[in-house]
1. Quick check, is Ala100 modelled with pLDDT of 95 or more, of a type in the set (Gly, Ala, Ser), surrounded by 13 or more Cβ atoms within 10 Å (Cβ to Cβ) and closer than 30 Å to Ser390 by Cβ?
2. Just one of the numbered conditions (1) touching a Gly at 6+ places or on another chain (Cβ under 6 Å); (2) surrounded by 21 or more Cβ atoms within 10 Å (Cβ to Cβ) is not true of Asp120; which one?
3. Considering every residue within region 356-376, establish whether at least one is touching a strand residue (DSSP E or B) at 6+ places or on another chain (Cβ under 8 Å), over 23 Å from Gly123 (Cβ atoms) and at pLDDT 95 or above.
4. Would region 274-289 turn up any residue that is closer than 30 Å to Lys322 by Cα and part of a helix (DSSP H, G or I)?
5. Mind telling me which of the residues Ile308, Ile283, Ile299 ends up being of a type in the set (A, V, I, L, M, F, W, C) and within 19 Å of Trp330 (Cα to Cα)?
6. If Ser231 satisfies every condition in (1) outside the structural domain of Leu191 (by TED's automatic domain parsing); (2) out of contact with any strand residue (DSSP E or B) (no Cβ under 8 Å at 6 or more places or on another chain) but one, which is the exception?
7. Tally time: how many residues in region 44-83 are more than 24 Å from Lys322 (Cβ to Cβ) and assigned to a loop (DSSP other than H, G, I, E, B)?
8. Considering each residue of region 84-129, count those that are part of a loop (DSSP other than H, G, I, E, B) and out of contact with any helix residue (DSSP H, G or I) (no Cβ under 6 Å at 6 or more places or on another chain), and give that number.
Amino acid sequence: MGISKPSPLLSFLSVLALYFSFYTITPTSSASLQDQFINCLHKNTHVYFPLENTFFAPAKNVSMFSEVLESTAQNLRYLTKNMPKPGFIFKPLHESHVQASILCSKKLGIHFRVRSGGHDYEGLSYVSEMERPFIVMDLSKLRQVNINIKDNSAWVQAGATVGELYYRVIFNVAANNGSKTATTSYNSVFLGNKGALMKVMKKGFPELGLTLKDCVEMSWLESIVYISGFSSHTPTNVLLQGKSPFPKNGFKAKSDFVKKPIPESGLKEIFKKLLKEDIPMMIWNPYGGMMAKIPESQIPFPHRKGVIFKIQYVTSWPDSDKTSTRHINWIRDLYSFMTPYVSSNPRQAYVNYRDLDLGKNKKYASMKQAQAWGAKYFKGNFNRLMKIKSKVDPENFFRHEQSIPLMSVRG
């Protein structure tokens, strides 16, 4: 069965929602607001949307509303009772519903958030602390992946997960209480067999002591399932479920980019700090190669030449642990300790590991205010992004606590 391509406008909106978000609202109640929103949608789209499958509100069905709200939200910090909840959630079924939602939200003066996979580390796709009330447009039903082998391209709707994308690409191309210690694990993919890998490792990294027994040959798609945390021999179609293999916990994450090797003395201190936390983790992703060959100004992602690896710091805790402040203070202390070992001027950060500690917009973000976090995520590309934002969204309709601001707005 053929899959129709999503329109360029939908793809544009999906990309726009990643960088620039969201708006404001002063209605009388969520119920009357939802009725007004529905009436407006009917006037702006001719594609049917059954209300029982597309609208979810606490006033109608609390349990169903909570189920939908929590369905793709991974961070329990933002699902607590005291966190602001949307007046209702709308799940569009067609790209025209997305377009109509934007038109209606602007007309009614509604602040809304856009959620695709719920990956946002700081919950900005389903929580708004700076403007209330608000609604959520959940794109989880827009998840088509259309692969074109001939022109080497793919159109991916915003609701699709990375696992679904990888799965479709492959099949289209193929048609505790004891003493605590710090451990390291090495997950990597080598495009070749065990023998070829052993030759490379003995020459380039003999200190690791890699043996044939440490290596498992599998397809690339099977490696995605393995590295994602699923158990061995899990069928690859698990990626189509769009669910994480890990339980939901509260967590806090931060990031850094490293340009010089961390000395042994620094590594020893890092291990000591890791032993002080309950469930800490540091993930180091090597850079270089093709990553370094692409100019940092070519796309918004600027962390290229000179970066040897990226660090993600994570601490997590179960819902039963009511001392979240202790864990958050620990990761902030570790982040401060790492200052001399990581990039500077600016200290770079990865936007996909959202970190509100770097700075937050007020309702009307100023350029100076936003530079605090913008330069860390985008370096020199931040000014270009503000110019684009000012051109395509001059009313600052798409906004959130770390959205790209206009070139000149109220402070």
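1. yes
2. In the conditions (1) touching a Gly at 6+ places or on another chain (Cβ under 6 Å); (2) surrounded by 21 or more Cβ atoms within 10 Å (Cβ to Cβ), Asp120 misses (1) alone.
3. No; the residues of region 356-376 include none that is touching a strand residue (DSSP E or B) at 6+ places or on another chain (Cβ under 8 Å), over 23 Å from Gly123 (Cβ atoms) and at pLDDT 95 or above.
4. The answer is yes; a qualifying residue exists.
5. So the residue among Ile308, Ile283, Ile299 that is of a type in the set (A, V, I, L, M, F, W, C) and within 19 Å of Trp330 (Cα to Cα) is Ile283.
6. For Ser231, the exception is condition (1).
7. Going through region 44-83 one residue at a time, the tally reaches 13.
8. Residues in region 84-129 being part of a loop (DSSP other than H, G, I, E, B) and out of contact with any helix residue (DSSP H, G or I) (no Cβ under 6 Å at 6 or more places or on another chain): 19 in total.
The values are calculated or read from the model by the stated rules, or taken from the named source; none is laboratory data. Because the structure is a prediction, the values reported are computed rather than measured. When we count neighbours, we look across all protein chains shown, and the Cβ atoms used for this are built from the backbone with ideal geometry, even at glycine.
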